[in-house]
Amino acid sequence: MRALFSFIIIVFISGSALFAQDNEQQLAMQYNANGDTQKALEIYQKLFKQSNETYYSYYVNTLLKLKNFDEAESVMKKLIRKHPETNEYQIMLGTVYTQQGNQDKADAVYNTVLKNLPADQMAIANLASSFYQTNNIDYAIKAFLQGRKILHADDAFTYELINLYRLKRDKAALTEEYLNFLPTNPTFVNQAESIFATLFEGDTDYNMLKAALLKRIQKDPQQIIYAEILTWQYMQQKEYDLALNQALALSRRANDDGTAIFDLCNTLNVNEAYDTAIRGYEYIISKGKAQPLYIAAKIELINTKNLKITSGKYQPADLLGLEQDYLALLTEFGRSNSTVFAMQKLARLQAFKLHKFKDAQKQLEDAVNIQGIRPDALASCKLDLGDIYLLVNQPWEATLLYSQVEKDFPNTAIGQDAKFRNAKLAYYTGDFTWAKGQLDVLKAATSQLIANDALNLLLLIADNTIADSVGGALKIYARADLHIFAEEPEKALLTLDSIDKKFPNNSLSDDILMAKSRILIQQKNYADAVPLLKKIFDDHPTELWADDAVFMLGDIYENRLNDKATAQTWYQKIITDYPGSLWINESRKRFRLLRGDKADS
C-alpha cells in the first residue's frame, strides 16, 4: 500500500510539473506575440535546461530572433555531440548558419547529412520533411533525389517531388517529373494538365512543354500519353489546327471510333474554331455509317456550319444552303429520337433567320409528337414551338405550351424559363398587370440569369406605368421588343422611332437606346452599337440599363473589336461604379485576366 501511495505521489508531482511547464510555455508564446522576446527567451531557457531537448526548438528560434547566433550555435553543437545520429539537430544548426549569413557552412552541414543518408525510405522522407519544415525546399528536393539514387528507385517520391516543384514554381522540373510519371499512371493526366494550366504563364512555358513532349515522342513514338498532352498543349496556345492534326494522328493509329475527336470538336466549337471543328466531324463521318458516332457527327457538322454562318456576316444563300443540309440529314436518317435535336435547330433557323414560320411550326409539331422523346428534349421543343406560335399571333397556343412545361418541371431551371416566357408573352401583348405578377415571383428564381431578366423587365414595366397607367408608350416598345426577338430589325427600328412621335414626353429614352444597341449587335454591327451604349452610360448612369451597357461595352471591346485595354477600363467601371451589379463577378474575373493576373494555384 505504501509503495502504491508513493507511486501516486510521484505521478501527481510529475503531472503538476508538466502542467506548470505548459503554462510557462503559453506565457512565453504570449510574450513573443506581444513583441517582448527577451522575456520569452528567459522562460524558454529555463524550460530548455529543465527538459533539454523538449524545448530546444523554441529556445533556439528565440535566440535567432534576438540574433544571438553564438549561443544558438553552441546549443545545437552540444545536442549534436549528444545525439550525432539525429538529422533534425544538424538541420537546425544549418538554419543557425543561414540566418547568421554563413551559407557555405550551412551547405556543408546539409551536404554532410545527405552524404550519410541511409538506404531507408522512411528516414529519407523524414529528412526531407525536416528540410521542408525549416523552409528549405531546395534541400528537401535534394533529399528525395539522393534517396532515389540510394534506393535505386527512379520512381520513388514522385508525389512529394511534384508538390515541391509546384511550390517552388520550378516549371521545367515539374514538367519532367510528370512526363516521367504519366506513362505508367495515365489517370493523372487531367491533374497534370490542370496544374500546368495554373502554373504556366505564357508561350515560353508552353513551348518548354512542347519541346519536352516532342523529344519524348521522337524517342518513344508508341507512347500515346505524350501525344495526348501535346494535343492539349496546342489547344492552350490556340493552335487549333495543330491540335486536331495531332488528335487525328492518334485516332488513325488506334483505329478507334473517333470519340476523342468528337469531344475535341465540341471544345473547338466553344472556342469558335469552326473550320477546324468541321474538319474533325468530317473525319468521323468518313469512317462510315457503321460507326457509332456517324449520326451525331453529321448533326454536329451541320450545327457547326450553322454557328459559323450565323456568328458572322452572312448572305441569304448561306442560310438556304444550311437549311438544305438539315433537310438532307432528316431525309437520310428520318425524324426520330436521335434527330430531334436537328429538327429543333432547323426550326429555329427557319423561324428566326429565314422567317419561314409555317415550316418551322410544322417541324416542331412533328418533333413533339415523336414517340419516346426524352422529357427534357420534349420540353425544349415545346418552348420553341410556343415561341413560334407567339410570332404567328397565336398567343393562346403559346401560353398553353409554356404552362405545360412549367407544370411538368416545377422548381427547375426549365420550368422557370417557361414561366418567364409566359410573363414575356403577357408583356408583348400589353397585359402588364399579369406580367408583373409573374415577374415578381421570378425575381427570386434559382437561375440567376432568369432572376435578373425578370427583375429588369419588372422594373421596365413599373417605371413606365407610373405616369401612364395604361402604358401606351410601353405597349409600342413591347411590340418593337417582339420584333427584335423575331430578328426583324427594320420593323423594330420603325416601331421604336414611332414612340417619341406619339408620346413625346415618354420615359423610355434609355430603353430605346438599349433596344437599338441590341439590334446592331444582332446585325454584328458592333462599331455602331458602341456610341449608343456609351450614351446610356453618359446620359443615364443610374437608370436600369447602365450597368448592362457598361458590361456590354467591355465585352464588345474585348471579344469583337480586339481592344483589350479599353475593355479593361469598362470592366473596371463595373467594379468601381456598380458594385451591386449582376455583372460584378464576371467583370472582376475578366478585368484580372486582362491585367495579367494568374489564378490561385
Checklist (1) assigned to a helix (DSSP H, G or I); (2) surrounded by fewer than 20 Cβ atoms within 10 Å (Cβ to Cβ) applied to residue 110, failing item: (2)
The lone exception for residue 228 - which of (1) touching a residue at least 24 places away in the same chain (Cβ under 8 Å); (2) part of a helix (DSSP H, G or I); (3) open to solvent by less than 50 Å² (accessible area, probe 1.4 Å) it fails: (3)
Residue within the range 419-435 that is at pLDDT 95 or above and more than 17 Å from residue 478 (Cα to Cα) present: yes
Residue match in the range 195-217 (condition: open to solvent by 20 Å² or more (accessible area, probe 1.4 Å), within 25 Å of residue 111 (Cβ to Cβ), out of contact with any Leu (no Cβ under 6 Å at 6 or more places or on another chain) and part of a helix (DSSP H, G or I)): no
In the range 248-293, the residues that are of a type outside the set (S, T, N, Q), open to solvent by 70 Å² or more (accessible area, probe 1.4 Å) and either within 17 Å of residue 309 (Cβ to Cβ) or over 30 Å from the mean Cα position of the chain (by Cα) (or both): 252, 253, 272, 275, 279, 282, 289, 290, 292
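Filter the range 58-107 for residues that are of a type in the set (A, V, I, L, M, F, W, C), assigned to a helix (DSSP H, G or I) and either surrounded by fewer than 16 Cβ atoms within 10 Å (Cβ to Cβ) or in contact with an Asp or Glu (Cβ under 8 Å, 6 or more places away or on another chain) (or both) and give the result.
Listed by number, the residues that qualify are 63, 79, 93, 96.
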Failed item in (1) touching a Lys or Arg at 6+ places or on another chain (Cβ under 7 Å); (2) within 20 Å of residue 575 (Cβ to Cβ), with residue 495 passing the rest: (2)
Evaluation of residue 444 against (1) under 16 Å from residue 383 (Cβ atoms); (2) small (Gly, Ala, Ser); (3) open to solvent by 40 Å² or more (accessible area, probe 1.4 Å) (one fails), failing number: (1)
Filtered residues of the range 556-572 (kept if open to solvent by less than 60 Å² (accessible area, probe 1.4 Å) and part of a helix (DSSP H, G or I)): 556, 557, 558, 566, 567, 568, 570, 571
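A quick yes/no check of all residues on (1) touching a Lys or Arg at 6+ places or on another chain (Cβ under 7 Å); (2) of a type outside the set (D, E, K, R); (3) more than 29 Å from residue 520 (Cβ to Cβ); (4) assigned to a helix (DSSP H, G or I):
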site: 322; (1), (2), (3), (4): yes, yes, no, yes
site: 326; (1), (2), (3), (4): yes, yes, no, yes
site: 335; (1), (2), (3), (4): no, no, yes, no
site: 365; (1), (2), (3), (4): no, no, yes, yes
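Residue-wise test of (1) closer than 29 Å to residue 360 by Cβ; (2) among the hydroxyl-bearing types (Ser, Thr, Tyr); (3) at pLDDT below 95.
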residue	(1), (2), (3)
255	no, no, yes
281	yes, yes, no
289	yes, no, yes
305	yes, no, yes
313	yes, no, yes
334	yes, no, yes
Any chance residue 553 is in a loop (DSSP other than H, G, I, E, B) and under 22 Å from residue 449 (Cβ atoms): no
Residues satisfying the stated conditions in the range 264-315, i.e. under 21 Å from residue 522 (Cα atoms), in contact (Cβ under 8 Å) with a residue 24 or more places away in the chain and of a type outside the set (S, T, N, Q): 272, 273, 274, 305, 307, 308, 312, 313
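The values are calculated or read from the model by the stated rules, or taken from the named source; none is laboratory data. Keep in mind that this is a model prediction, so the values were computed, not measured. For neighbour counting, all protein chains shown are included, and Cβ atoms are generated from backbone atoms with ideal geometry for every residue, glycine included. All accessible areas refer to the heavy atoms of the entire protein, side chains included, with ligands and DNA or RNA removed. Shrake-Rupley method; radii C 1.70, N 1.55, O 1.52, S 1.80 Å.
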